[in-house]
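The values are calculated or read from the model by the stated rules, or taken from the named source; none is laboratory data. Everything numeric here is computed off the predicted structure, so don't read it as measured data. FYI the Cβ positions are ideal-geometry reconstructions off the backbone, even for glycines, and counts take in every protein chain you see.
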Amino acid sequence: MRGSQGPRRGAALSEIGMIPDGAVLVRDGVIQEVGPTRRLENLTAARGAIEIDATGKVVMPGLVDCHTHLMFPQQQTGEAGAAIDIDRAARAVVAMTAQRLARRGRVLLQTMARHGTTTVEAKTGCGPNESAELKVLRVLGVLHRNPLDIVATFLFRLGSGTEDRERADAAAAELIFRDLLPRIRRRKMARFADLEWDSDPARRPLLVRFLETARGLGFARKIHAGQQSCGGAVSLAVEYSATSIDHLEYATLEQARLLAASSTMATLLPCASFLHGHHAPARALIDSGVAVALGTNFNPVHTPSLNMQTAVSLACLQMGMSPAEALSAATINAAHALRAADSVGSLECDKAADILILRTSDYRDMAYQLGTNLVDTVIKRGVAISGDTRLGEEE
């Protein structure tokens, strides 16, 4: 997946840089060399190295899930997929101990790891409840690098509202702008500030002020744009140099061209699309030159999928992406969507040794074996954290 310094666009999304009969040399959790096996075996640095034999298997970068609601409050009653009362759920988070919240998150992360994810973005999203948001961010800090890397994101979402909705929204937002966002930034609790788009014109001033406040504080920005009317969200994403705009199930060709002329990436979420039946126009976005990434949109209520392999499969089977495009979008481009491509997303010298070994000799199998876990071994920063492969003896 080695390539240019920026995210891949257009035809470059298909350039995976495959090395037949390749090898990777790792020291202290960092990749030292990548190339043909014969060349690496003759390096002085490789003498006496512990060897993992991956003959007949695919070796690739760890998957990067750049859009999850890992700590989203669980549904209390009703069926999965039903609407959730955010205010009530936030109160439940406040009442829950941090230890219990961390245990739940750790189980989810372990499942993600078994399916090949090595870096995860995790959003808050408890609405205008300062105590709940801070608790979630503190727990994400505890879970970071244990063993997966977690990129924390503060999600600006207003509550369910009251009869006097505008006044309640304004009061809640004021507390966030004046107190919560500066505190989160000061404590370095989140890398991104994410905006849940709302097409209601009455809420637009609050959305704009959030982006301005986040930019002024030095947050990287993201925008949730899952509504049918997402033109305003795309315009704001471009205007405020958002790192990514996510969902885009209803994006138009005109909006694709606007994004293609900007630095803002499009993060597509095939698992969410699969459940509600409307898929983002991946082909139009890619062919227009938009930098596309993939994520699961994991959410225990609305999108209970922890498996990035499923996102890759659905992107190919239902959104028209090729296997190479989908894998690039799920690794190096997803890393760019998290501003983490300098350390993860590809097998390159001086990057973290986040490596997958697959139980197949053809990477394209991931696109079509829907429901099968092809991961044999997951290596995070040079340490096998999941799988059956045993390290050989030193020679």
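Summed over the range 1-29, the residues that are among the hydroxyl-bearing types (Ser, Thr, Tyr) and in contact (Cβ under 8 Å) with a residue 12 or more places away in the chain give a count of 1. Inside the range 347-372, residues that are within 22 Å of residue 146 (Cα to Cα) and of a type outside the set (Val, Ile, Thr) make up a count of 7.
The residue that is surrounded by the fewest Cβ atoms within 10 Å (Cβ to Cβ), counting only those in the range 265-320 that are assigned to a loop (DSSP other than H, G, I, E, B), out of contact with any Leu (no Cβ under 6 Å at 6 or more places or on another chain) and among the β-branched types (Val, Ile, Thr), is 301. Residues satisfying the criterion are absent from the range 278-288 (criterion: in contact with a strand residue (DSSP E or B) (Cβ under 9 Å, 6 or more places away or on another chain), over 22 Å from residue 69 (Cβ atoms) and polar (S, T, N, Q)). Condition check for residue 140 on (1) surrounded by fewer than 15 Cβ atoms within 10 Å (Cβ to Cβ); (2) touching a strand residue (DSSP E or B) at 6+ places or on another chain (Cβ under 9 Å): one failure, at (1). Only residues that are touching a Phe, Trp or Tyr at 6+ places or on another chain (Cβ under 7 Å) and exposed (fewer than 14 other Cβ atoms within 10 Å of the Cβ) were counted in the range 1-60, giving 0.
Can you tell me which residue in the range 370-395 is farthest from the chain's Cα centre (by Cα), limited to those that are surrounded by fewer than 18 Cβ atoms within 10 Å (Cβ to Cβ), modelled with pLDDT of 95 or more and assigned to a loop (DSSP other than H, G, I, E, B)? Across the range 370-395, the extreme among qualifying residues is 382.
Selection of the range 102-161 for residues being part of a strand (DSSP E or B) and charged (D, E, K, R) yields 121, 123, 149.
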